[in-house]
């Protein structure tokens, strides 16, 4: 009984190792195990399913982490666009940026948006009309 348990543990450990270091097709591997040692076929499938579930969890965790990172980046971008809009509305007699200009701002990356904000704050650029703004964004 104890030898069977030890063999099963070695088998499981070996299968986990093989499946982790090499990207094997589980079905092909299962067929090979079933052909060579049919009595261990179910153990292989249990190990394979366990690794699949662990892989799914890792993928979910990575997805959540990337989603948070992307969400934070998008939040910073929207905050910059809002700040730029406020600065422009302070300089021009408008209540809201035209959709086409807001769309242009949304297409810019964070670095460019930070530069625009800095330029507006330090009066490096002169925006006296929507045309000036459009020209500056092109």
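Computed quantities for the displayed model
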read-out: Neighbours by Cβ (under 8 Å, 6+ apart or cross-chain): first from region 112-129, more than 10 Å from residue 88 (Cα to Cα); second part of a loop (DSSP other than H, G, I, E, B) and modelled with pLDDT of 80 or more; value: 116/108
read-out: Wholly enclosed helices (runs of 4 or more DSSP H) of region 53-138 bearing at least 1 residues modelled with pLDDT of 90 or more and touching a helix residue (DSSP H, G or I) at 6+ places or on another chain (Cβ under 6 Å); value: 99-107, 110-121
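The values are calculated or read from the model by the stated rules, or taken from the named source; none is laboratory data. It should be emphasised that the depicted structure is a prediction, and the values quoted were computed from it without experimental measurement. Reconstructed Cβ throughout: ideal geometry from the backbone, glycine too, with neighbour counts over all protein chains shown.
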